[in-house]
Each structure stands twice: as structure tokens, then as C-alpha cells.
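**Q** My questions will all concern the structure given below.
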Amino acid sequence: MKKLVALCVTIFIACSVSLGQSSAITITSPDRSIQVTCRLNEGKPTYSVQYKNSVVLEPSQLGLARADGDFSKALTQTGITPVSTVTDKYRLVTGKRRNNVYRANRQVIHYKNAAGDLMDIIWQVSNDGVAFRYYFPGTKTEPKKVDTEYTSFHLPATAKGWLQPMSVAKTGWEQVNPCYEEFYEKGITAGTQSPLKAGWVYPALFQSAGQWLLITEADMDGSWCATKLDNDSANSNYRIAFPDGREVIPGGGLKPLAPLPWYSPWRIITIGSLATIIESTLGTDLAKPTVPNQDFSFAKAGKSAWSWALLKDDSTVYSVQKRFIDYAADMNWQYCLIDADWDTKIGYDSMQLLVNYAKQKNVGIWLWYNSAGSWNTTPYHPRNKLLTHEDRVKEFSRLQKMGVAGTKIDFFGGDGQSMIRYYLDILQDAAAHQLMVNFHGATLPRGWQRTWPNLMSAEAIKGFEYITFGQKDANEEPAHAAMLPFTRNAFDPMDFTPMSLYKIPRINRQTTPAFELALSVLFLSGAQHFAEIPEGMAHMPVHVKDFLRKLPTAWDDVKFIDGFPGEFVVIARKSGNKWYIAGINGSSGEKTLTLDPAIFKAKKATSLVNSRANVYIDQQMITVKPGKKETVTMAAHDGFVMVLE
């Protein structure tokens, strides 16, 4: 009898342990450099990440809570799939690489909660990072709501961060925040609290155990809100957090809501060197592919003239815009953007004349719109024309009939689920009317440009316009620009509207013309709106104009040369048989680097560098020989461009 009791106790203990804990599950990258370890500790799911045997993420929390059940504790592991290989090949209209290949090891862990409801965590580990998402199986038609996501990224206490604070909802000019327009905190101790107390935006860059991590999310289908990172003061465990309750379409939803089956967005951690960060495409690798057989041939990347950057509101008149169309044609640029209030200052009928005139010169017209309903008080117009599907069909049909190429849509209201749905509804209706889209005053695109190739760009950055508003922001430009290829522009197109080569009214520009010219290569945007105006371009030598006339609108490949976030960056981009190497120095000291043109299989090279008291861009012809290296020196806030072919 005693033996039987002992045996029963042993079985009971074993069953209790199996319900509360599971043995570690290890998922590795194809090259085995990345190792993810998943555990179930007392019913709570966790994971940790090693890169080349160094711990870059300590045990971090997983799980979430729905209104109808908790999936963060009291879980039981019910199974695990065998490791499978994922291979995906796709093409991008705009980005760092036109043709992309994604390979990863995939494994799915099955769980059930205390009520017996099911949840999977899907893991995909590639050579450049880790991705995971939640999946709720089932066929229930009533919507399920997620109240809290407990996912975290627990950095070692020694880690450093390069992070952009999330702005507080309903602050800023005309209550337009949040729109991802803050300067980055650079090299801060992991766990430092956001100065605005509203968390941190994606992509979030960290240095951990001597490696670099870039955290973001992708595959936003409109059922989920966009998220951010939050942390307590002096706590290096960064948690996923939902938006402020005010970041919604009035009357619309804030938190994730959908019927089953239901996938969450991917949580993505790019891991490796700075070259890994610059060259990775994980942010689009994990985005949803575009709808099969849908025609996006109208979506074409291009360079654009734009009057508002330097000339502001008074430039939105017929005569000025006709002159900018001529300017775009002379520069061999594909587009001209006409900004706010065109509907009254020019009018639809005269705009039709401008569109017709531009078409004769092979220039497409982009038109500005205010997205806003009642969620902010911005006065610019056209306004209230895109709020419903019926409104959009009416307006987009009119633009399509006019021959307009695209719409720049401004002043969105945050990251709530209903607002994310609004973005996607705009993209869908615009695509149906063969219109390209550029979101301004907006959220991070999170890979939407793959799903919707008519999304050519989005602002979501403290861009060039702030440099024109005041000297304080202009003083920040050098270091700010040297941050962006590593963070905001790492995966998604960014409408910074770069390149002032001559003068900025009322501002003492802190960068050289060569620095500004290099931004045309460094910054990625499907619609690249250049700030320079005809009067400024007239002061540039012929070789600068020719460079900008021939500058590609899309890229075949990318290579990281050198750099450090917020200090300097040198990147090579390939188009056809040419490599364009661009570098900027965001620091106050001189930077010297050595380049070897032979590694790019170049036969000749041309360099555009700054000279003559920061007012002129010189052209230097370079003789390419095997073993012959080139030394490039960038003065403080200086830059260069080199073309190899």
C-alpha cells in the first residue's frame, strides 16, 4: 500500500511539473549563429536569444491576454512542429534591394491556457535575425479582443540604446502628435526612461554583448493596433505597449480586434553587425506579400521637384507650380509635388491644365491632401475628402480621370487599430484608382510597401521641414541624418525630403553641399522629394546637375562600408553596372576612410567632394587600378559621393 501511495505521489508531481514547465526548445538560424531558447516556467512562456554564444537577450516574456482568456500564464505546451525551412523570393518597387530572398528555419510551439483555449507561437530564425508571432486557431465568428500583450525584449544591463521617443498624443502643432518626429536619444544606457514618458518608437536600435539589435514589427493587416516599446525607469526589459487611448478614429477601436483564426503581426529582431542592420531586409521579408494578380504597374519610383520645402505656402500658385514642372523636366525628374491648399489657390480646373502641361514634359503630378477628420485642428485643405470609402472613391475617381500620379496624405491621428485600418483602406482604394500614396504626419509603414507597392513613401521622421523652421533643429541635422540609415530608414521608405545645396531662408545651414548631395543616395524613398529649388540649383556646377539627372530611382543592392549611429555613415548602393558610394560625417571632428574601388569591379570612378569654403562641390576623376586604394577625408558635417562603373 505504501509503495502504491508513493507511486501515485510521484506520478502526481511529474504531471504537475509537465503542466507547469517544459524542457527548453532551441531554434537556430540556418548558419547556427543565432540560437533562440524557449521555455515554459511555471506556465509562463519565455524566450532568450544568443548570437555566436553571447547572450544578446536575456529571458524575456511572451504571451498576451484576450478579453475572454489569459494566454500569458497557466499555459500547457501541447506540441511542437518539426523544424521546416522557409524560402521566399520577392521584388520591391522601392527599397534597398529590388530582388530579395528570405530563408529561415521555422518551428511552431502549441499551447493551451487554463480554460483549454489554444494559442501557437510561430518562430522563424534567419541568419540575420529572429521573428515570431502569435496565432489563435479556430473558426469562431465573434470578434476576439486583445487587452494586453506581454511580449518583452530583456536587454542585458550593459546594453546601450539609440532610440526615438514616442511623442504624447494630442500634443504639438494643432494636436498632430504622435507622428514619429522626435530626435533620437543616442547611446543611452538600456533602461533609461523616455524623456516624454510615452515610450519608444520602432525601429529601436540596441548594442548588446558587442552585437547590434534592431527591433520592429511587420505585417499589420488592420486587425491589430501598431505598438511601441515601453520600460520602467532603470529597467532594461522593454515591453510591447499599445497606443494612447486617444489615437483612434472617433468612435473606432484602439486595441486588436478580430474573429478567429487570427495572426498577430510579426515581432522582429535583426541581429549582427552594423553591416547586418544596413543590408538586412527583415522588415519586408516578414511583411505580407501583395495580392496576387493585382496590377501595380502604375507604381513607379521617381525623383520629384517640390516648392513648399523652401518657399512655403505662398508658392502654391499656378505660375510657380508651372515653373517647378519645368524644373523637374530639366532635371530629368519624374514628378512634381503640389502641396496644401491647391484646391482653392489653383483649383481643380486649373490643376487639370497643370497636369496636362506636365504630361507633355513627362512629369507626373502628386497632390497633397489632409487626412484629418475631427481628431486634430489642422487648417490645411483639401480636407474631409478621404474619411469614408465613398468619399475616397469619389475623390480618387476624379484624380484618376485628371491623370494625377499620386497623393500625399498628411496629419494622421496615431496608431490605434481603427487608425491603422484607415491607412490600409486608403491604400486599397488608391490602388483601385491607380494612384500612388505618400503618408505624412504618419506612423512607421512597417513593411506596407511590400503589401501595397503603391505606397511609395512615408514621413514618420523629423525631416527637412524642421530645419527650415528654426536654427536649433538645423543644428541637429548632421548627427540626426547619420542616425537614420541605421534606424528609421533601415527597412521602410522615408520621406525626409532631403538636399538643400545652396541656401535655406533665415537659417545658417550646418552641413556642406556635399553632405546634402550624399543624402540623395543615403536616404531611401520611392518618391524622393528634393528640397532644392530652381534658384539654388542654378548655383550648382554642371557635373552636380548631371549627377542628379542620372541618379537612379531604385536600387539593386546595398553594401555597408563604414559608420557608427549618429556619428557617420558610408554606404554603397548598386544600380545596373554602377555603384554609388555616399558618405556623411555627422560629427564635429574629421573622418578619414580608405576605399578600394577594385572590390566593386570598377573600371573607372568619379568622386564628388566638397571644396571652396563649403559653397561648392568639386568633381575629381579617379584612376582605378588593382591594389590602388582611395583615401577620403570628410571634414566636420561634410560628405561625398563616388560613382564606380
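The values are calculated or read from the model by the stated rules, or taken from the named source; none is laboratory data. Keep in mind that what you see is a predicted model, and the values were worked out from it rather than measured. Because the Cβ atoms are built from the backbone with ideal geometry, glycine has one as well, and the counts that use them run over all protein chains shown.
Per-residue answers, yes or no, for (1) within 14 Å of the chain's Cα centre (by Cα); (2) over 30 Å from Gly373 (Cβ atoms); (3) in contact (Cβ under 8 Å) with a residue 12 or more places away in the chain:
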{"position": "Ala218", "(1), (2), (3)": "yes, no, yes"}
{"position": "Cys225", "(1), (2), (3)": "no, no, yes"}
{"position": "Asp244", "(1), (2), (3)": "no, no, yes"}
{"position": "Trp262", "(1), (2), (3)": "no, no, yes"}
{"position": "Leu274", "(1), (2), (3)": "no, yes, yes"}
{"position": "Leu286", "(1), (2), (3)": "yes, yes, yes"}
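**Q** Would you mind stating whether Pro45 is of a type outside the set (S, T, N, Q) and more than 28 Å from Ala115 (Cα to Cα)? Spell out the reasoning first.
**A** Working: of a type outside the set (S, T, N, Q): yes; more than 28 Å from Ala115 (Cα to Cα): no.
Spelling it out, it is not the case that Pro45 is of a type outside the set (S, T, N, Q) and more than 28 Å from Ala115 (Cα to Cα).
**Q** Would you point out which residue out of Lys140, Lys145, Lys197 is touching a residue at least 60 places away in the same chain (Cβ under 8 Å), surrounded by fewer than 17 Cβ atoms within 10 Å (Cβ to Cβ), over 22 Å from the mean Cα position of the chain (by Cα) and within 28 Å of Ala372 (Cα to Cα)? Walk me through how you get there before you give the answer.
**A** Values: Lys140 fails: within 28 Å of Ala372 (Cα to Cα); Lys197 fails: touching a residue at least 60 places away in the same chain (Cβ under 8 Å).
Lys145 is the lone residue from the list that is touching a residue at least 60 places away in the same chain (Cβ under 8 Å), surrounded by fewer than 17 Cβ atoms within 10 Å (Cβ to Cβ), over 22 Å from the mean Cα position of the chain (by Cα) and within 28 Å of Ala372 (Cα to Cα).
**Q** Ok, one more. Which residues, taken from segment 229-268, are within 18 Å of Ser152 (Cα to Cα), out of contact with any Pro (no Cβ under 9 Å at 6 or more places or on another chain) and among the β-branched types (Val, Ile, Thr)?
**A** Answer for segment 229-268, where residues must be within 18 Å of Ser152 (Cα to Cα), out of contact with any Pro (no Cβ under 9 Å at 6 or more places or on another chain) and among the β-branched types (Val, Ile, Thr): just Ile240.
**Q** Further question: If Gln510 satisfies all but one of (1) in contact with a His (Cβ under 6 Å, 6 or more places away or on another chain); (2) closer than 21 Å to Ser575 by Cβ, what's the number of the condition it fails?
**A** (2)
**Q** A further question on this structure: In segment 497-519, what count of residues is obtained for those that are in contact with a strand residue (DSSP E or B) (Cβ under 6 Å, 6 or more places away or on another chain) and of a type in the set (Ser, Thr, Tyr)?
**A** Of the residues in segment 497-519, 2 are in contact with a strand residue (DSSP E or B) (Cβ under 6 Å, 6 or more places away or on another chain) and of a type in the set (Ser, Thr, Tyr).
**Q** Continuing with this model, one more query. When you look at Leu229, is it over 20 Å from the mean Cα position of the chain (by Cα) and either of a type outside the set (S, T, N, Q) or assigned to a loop (DSSP other than H, G, I, E, B) (or both), yes or no? Give the derivation first.
**A** Numbers: over 20 Å from the mean Cα position of the chain (by Cα): no; either of a type outside the set (S, T, N, Q) or assigned to a loop (DSSP other than H, G, I, E, B) (or both): yes.
When the stated conditions are applied, Leu229 does not pass them.
**Q** Further question on the same structure: Tally up the residues in segment 611-645 that are out of contact with any Pro (no Cβ under 6 Å at 6 or more places or on another chain) and in a strand (DSSP E or B), please. Full working, then the answer.
**A** So in segment 611-645, the residues out of contact with any Pro (no Cβ under 6 Å at 6 or more places or on another chain) come out as 611-616, 618-623, 625-636, 638-643, 645.
Narrowing further to those that are in a strand (DSSP E or B): 611, 616, 618-622, 630-634, 639-643.
Going through segment 611-645 one residue at a time, the tally reaches 17.
**Q** On to the next question. Count, please, the residues in segment 319-339 that happen to be among the hydroxyl-bearing types (Ser, Thr, Tyr) and surrounded by fewer than 17 Cβ atoms within 10 Å (Cβ to Cβ).
**A** Going through segment 319-339, the residues among the hydroxyl-bearing types (Ser, Thr, Tyr) turn out to be 319, 327, 335.
Checking which are surrounded by fewer than 17 Cβ atoms within 10 Å (Cβ to Cβ) leaves us with 319.
Qualifying residue count, segment 319-339: 1.
**Q** Consider only pairs whose beta carbons are under 6 Å apart and that are at least six residues apart or on different chains; among these, list those whose first residue lies in segment 594-620 and is within 12 Å of Thr512 (Cα to Cα) and whose second residue is assigned to a loop (DSSP other than H, G, I, E, B).
**A** Asn610/Thr512; Asn610/Asp638; Asn614/Thr512
**Q** If you don't mind, there's one more thing I want to ask. Residues Lys73, Lys89: which one is of a type in the set (Lys, Arg), outside any strand (DSSP E or B) and at pLDDT 95 or above? Steps first, please.
**A** Working: Lys89 fails: outside any strand (DSSP E or B).
Testing whether each residue is of a type in the set (Lys, Arg), outside any strand (DSSP E or B) and at pLDDT 95 or above leaves just Lys73.
**Q** Right, another one. Given the options Ser297, Ser319, name the one that is out of contact with any His (no Cβ under 6 Å at 6 or more places or on another chain), without any contact (Cβ under 8 Å) to a residue 24 or more places away in the chain, within 17 Å of Gly406 (Cα to Cα) and not aromatic (Phe, Trp, Tyr).
**A** On the way: Ser319 fails: within 17 Å of Gly406 (Cα to Cα).
Answer to the check: Ser297.
A quick yes/no check of all residues on (1) assigned to a helix (DSSP H, G or I); (2) among the charged types (D, E, K, R):
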site: Ala431; (1), (2): yes, no
site: Gly441; (1), (2): no, no
site: Ala460; (1), (2): no, no
site: Tyr466; (1), (2): yes, no
site: Lys472; (1), (2): yes, yes
site: Arg488; (1), (2): no, yes
site: Asp495; (1), (2): no, yes
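**Q** Of the residues in segment 387-422, how many are among the aromatic types (Phe, Trp, Tyr) and under 21 Å from Ser297 (Cα atoms)? Give the steps one after another, and end with the answer.
**A** Here is the first cut: in segment 387-422, the ones among the aromatic types (Phe, Trp, Tyr) are 396, 411-412, 422.
If we keep only those that are under 21 Å from Ser297 (Cα atoms) too, we end up with 396.
Total satisfying the criteria: 1.
**Q** Separate question: What's the total number of residues in segment 155-165 that are touching an Asp or Glu at 6+ places or on another chain (Cβ under 8 Å) and buried (at least 16 other Cβ atoms within 10 Å of the Cβ)? I'd like the intermediate steps shown before the answer.
**A** The initial filter retains those residues of segment 155-165 that are touching an Asp or Glu at 6+ places or on another chain (Cβ under 8 Å), namely 155-156, 161-165.
Then drop every residue that is not buried (at least 16 other Cβ atoms within 10 Å of the Cβ), which leaves 155, 161-165.
Total meeting the criteria: 6.
**Q** If you don't mind, another one. Please return the ranges of strands (runs of 3 or more DSSP E) entirely within segment 92-197 where 3 or more residues are under 19 Å from Asp230 (Cα atoms). Talk me through it step by step, then tell me what you get.
**A** Numbers: elements: 99-112, 118-126, 129-136, 144-149, 152-154, 160-163, 185-189.
Ranges flagged: 144-149, 152-154, 160-163, 185-189.
**Q** Then there's this: I'm told Asn489 meets every condition in (1) crowded, with 24+ Cβ neighbours inside 10 Å; (2) within 12 Å of the chain's Cα centre (by Cα) except one. Can you identify the failing condition by its number?
**A** Of everything listed in (1) crowded, with 24+ Cβ neighbours inside 10 Å; (2) within 12 Å of the chain's Cα centre (by Cα), Asn489 misses just condition (1).
**Q** Which of the residues spanning segment 272-316 are part of a loop (DSSP other than H, G, I, E, B) and buried (at least 17 other Cβ atoms within 10 Å of the Cβ)? Reasoning before the result, please.
**A** Let us first name the residues in segment 272-316 that are part of a loop (DSSP other than H, G, I, E, B), namely 273, 280-281, 286-301, 307, 312, 316.
Across segment 272-316, the qualifying residues are Ser280, Thr281, Leu286, Ala287, Lys288, Thr290, Ala299, Lys300, Ala301, Ser307, Thr316.
**Q** Quick one: count up the residues across segment 160-176 that are touching a residue at least 40 places away in the same chain (Cβ under 8 Å) and of a type outside the set (A, V, I, L, M, F, W, C).
**A** Residues meeting the conditions: 6.
**Q** Can you tell me which residue in segment 72-96 is surrounded by the most Cβ atoms within 10 Å (Cβ to Cβ), limited to those that are within 20 Å of the chain's Cα centre (by Cα) and of a type in the set (Val, Ile, Thr)?
**A** For segment 72-96, the residue satisfying everything is Thr94.
**Q** For segment 219-245, enumerate the residues that are in contact with a helix residue (DSSP H, G or I) (Cβ under 9 Å, 6 or more places away or on another chain) and charged (D, E, K, R).
**A** Passing the criteria: Asp219, Asp221.
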